[in-house]
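As structure tokens, the structure follows; a few thoughts come after it.
The values are calculated or read from the model by the stated rules, or taken from the named source; none is laboratory data. Given the structure is predicted, the values throughout are model-derived calculations rather than measurements. Here the Cβ positions follow ideal geometry from the backbone for every residue, glycine too, while neighbour counts run over all protein chains shown. Only protein heavy atoms, including side chains, enter the accessible area calculation; ligands, DNA and RNA are left aside. Shrake-Rupley method; radii C 1.70, N 1.55, O 1.52, S 1.80 Å.
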Amino acid sequence: MKIIIIVPARMGSRRLKGKVLKKLKKFSLLYILVNRLKKAKFVDKIVISTTKKREDNLIVKYCKKYKINFFRGSSLNVAKRISDTASYYKATAFIRINGDSPLIDYRIIDKAYKIFKNKKPDLVTNIFPRSFPVGQSVEIMKSKLLKDNLLKFKSKIYKEHVTKFFYKNKKKFKIINLKNPKNYSKKKFAIDTPKDLERLENLNLTKKNLFKIDMKSIIRLSNEKI
């Protein structure tokens, strides 16, 4: 089984334009994210899935500079772009990690992967329902499953939010949810706004721990700021 991590990323975020290349502790969010993802086990490739829009040439240029795999596809249909990315890299399955989640804990990815490999469901997720912080979301699914259902994505919301169709039709699919022992769903470590970026910048994250700090430690640091 060939499994890849797909990171949807674009420059055109409405609330924080160009956020994936914004700096946190002097490193771009994309650089931090990719280097944290590299620590995940059993992953064949990490691919940035961006659009064909001119503004996203900056992401492509960045990927080329740091030798990061990338794919360019539809700007309007994110689901199709991700499906096309998986097809291009001949992936049996893919792990979707949002580009606005630089502090994703690769250990959660490893746990989700083990479930996916052993239980062989259609989809493994940790947001159905959510018990992990926003910014620690992991979804693993079969590439064929997404490709075979794309034509059913009639609604714009399904095209934008890749897995929402499967959650809406949960009885038709085998979905396993990874639950955290304690509910941290109200915590947020994703970056959508300038305030989100400022909040993470104010955490005691050092160059030494930035690329390996785990979720629990990030939560502890965030609690110290309260």
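Pairs of Cα atoms nearer than 8 Å and 6+ residues apart set the relative contact order; for region 27-94 it is 26 percent.
At a 1.4 Å probe radius, carbon and sulfur cover how many percent of the accessible area of the chain? Could the numbers behind the result be given before it?
Details: 6310 of 12110 Å².
Carbon and sulfur: 52 percent of the exposed surface of the chain.
Between LEU76 and ASN183, the distance separating the two model label sites (each 7 Å from Cα on the Cα→Cβ line) works out to 4.0 nm. Around the amide H of SER74, modelled in the peptide plane, lie the amide H atoms of ARG81, all under 5 Å away and 5 or more residues distant in sequence or on another chain. Over the chain, Cα pairs under 8 Å with separation of 6+ residues give a relative contact order of 24 percent.
Rounded, prolate or oblate: which fits region 113-162 when a ≥ b ≥ c are the square roots of the eigenvalues of the alpha-carbon gyration tensor, with rounded for a/c under 1.5 and prolate only if a/b beats b/c? Verdict is oblate for region 113-162. Here the label points at GLU160 and SER87, each 7 Å from Cα along the C-beta direction, are separated by 2.4 nm in the simple model.
The lysines within cross-link reach of LYS168, meaning a Cα-to-Cα straight distance under 21 Å and a gap of 8 or more places when in the same chain, are LYS80, LYS120, LYS142, LYS144, LYS147, LYS152, LYS154, LYS156, LYS159, LYS179.
A straight Cα-to-Cα reach below 12 Å connects LYS17 with the aspartates and glutamates GLU55, ASP56, ASP100, ASP192, residues fewer than 8 places away in its own chain not being considered. Positive end of the dipole of region 47-153 (Cβ unit charges, origin at the Cα centre): among THR85, PHE153, ASN126, the Cα lying farthest that way belongs to THR85.
In region 102-226 the Cα-Cα distances spread across 5 Å bins starting at 0 as 2, 10, 18, 19, 18, 14, 10, 7, 3, 0 percent of all pairs. Once a ≥ b ≥ c are taken as the square roots of the eigenvalues of the Cα gyration tensor of region 60-150, is the result rounded (a/c under 1.5), prolate (a/b larger than b/c) or oblate (a/b not larger than b/c)? It comes out oblate by the Cα gyration axes.
Based on DSSP, what percent of beta bridges with both residues in region 21-171 are antiparallel, to the nearest 5? Percent antiparallel among DSSP bridges in region 21-171 is about 65.
Shape call for region 4-92 from the C-alpha gyration tensor, a ≥ b ≥ c root eigenvalues: rounded (a/c under 1.5), prolate (a/b greater than b/c) or oblate?
Oblate is the answer for region 4-92, as a/c is 1.5 or above yet b/c matches or exceeds a/b.
Average accessible surface for region 30-161: 48 Å² per residue, computed with a 1.4 Å probe over protein heavy atoms with every protein chain in place. Computing Cα Rg over 2.2 N^0.38 Å directly from the structure and comparing it against (1) 0.97; (2) 1.68; (3) 1.38 singles out (1).
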